[in-house]
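Have a look at the structure below, then the notes.
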Amino acid sequence: MRTPLIAGNWKMNGDQDMATALCHEITADAQTLSNVEVLLCPPFTLLLVVESALEGSRCQLGAQDMDINANGAFTGQISAAMLKDCGCKYVILGHSERRAIYGESDLLVAEKIKIAVAGGLTAILCVGESREERESGITEQVIERQIQVVIDIVGIQSFNNLVIAYEPVWAIGTGLTATPDQAQQVHNSIRQQLASLDASIADTCRILYGGSMKPDNARELLEKPDIDGGLIGGAALNAQDFLKICQATCPTA
Ligand code: PEP
């Protein structure tokens, strides 16, 4: 049984007042949700504010990226240990914006995953195809390649401490969403890839969908058997929208 995970990626948004208000609104209602893990990933500057606002709640804290180095002369970078020190349990790695804007390769993402897992963080590995790749009919090969590099570098056993987020690049922040069937097909092929190496890991590894998930499309996506939650961008900045997506994981809510 995989507990659904709804993770909010705030990206480069927010200040201390906004973060405090958003967290208070989310935590007040999140207490009433059962059987869903709720995760907030603010920018680095707000990690401690959010950590303190989440204290005593059932919401968890995560970061949006980290460096592969442990410490030293790496101006502007943040290490896994620093994230742990701020109370992070999770870290998002390989988001398509990091890959496309900052040139992060499959290999670098895999190295980051290795460091995150070794540092006691649960990594959320983002994978996804571009519009051109989908139109060329190579979606599943692209995703398989992105995941295979991680398997090669960290080993299949590390997927015990890893969540995968399938995020079609063409659906992120665009208002376009993969249909539930399109998403399910990719999620299922990811699970098959894991199952070819370890059936038990394939069964327990959570695979989130990300890409314009909103209150009005969340339930039909989350009802699919291989969709175990969501990585939410825009809608995570609105407490009521985010909570409605969390509620959509509960079949009777
Ligand atoms: C994201 O950036 O991970 C994301 C899914 O964004 P949005 O929900 O805004 O498409």
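The values are calculated or read from the model by the stated rules, or taken from the named source; none is laboratory data. Bear in mind that the values here come from a model prediction, so they are computed numbers and not experimental data. All Cβ positions, even for glycine, are placed from backbone atoms using ideal geometry, and neighbour counts span all protein chains on display. Surface areas here come from the heavy atoms of the whole protein model, side chains and all, with no ligands, DNA or RNA. Shrake-Rupley method; radii C 1.70, N 1.55, O 1.52, S 1.80 Å.
Brief remarks on what is shown
- Longest exposed-site-free window of the chain, the sites being GluC sites (Glu not before Pro) in a DSSP loop that have at most 15 other C-beta atoms within 10 Å: 56-222
- Across 108, 121, 231, mean-square fluctuation computed from a Gaussian network of the chain (C-alpha pairs under 10 Å connected) peaks at 108.
- Note on residue 17 and residue 2: the extension gain reaches 2.0 nm, defined as 0.36 nm multiplied by sequence separation minus the Cα-Cα distance.
- Volume of the Cα convex hull of the chain, divided per residue and given in Å³: 117
- The antiparallel fraction among DSSP beta bridges confined to the range 19-247 stands at about 0%.
- Accessible carbon and sulfur surface of the range 19-247 relative to its total accessible area, %, 1.4 Å: 49
- Close Lys-Lys pairs in the chain, where close means Cα under 23 Å and separation is 8 or more or interchain: 13
- Residue 15 accessible area, 1.4 Å probe, all protein chains in place, Å² to nearest 10: 90
- Accessible area in the full protein assembly, largest first, 1.4 Å probe, for 74, 242: 74, 242
- Heavy-atom accessible surface of the range 19-247, averaged per residue, reaches 42 Å², computed with a 1.4 Å probe.
- Calculated P(r) of the range 101-159 - Cα pairs past 20 Å, %: 29
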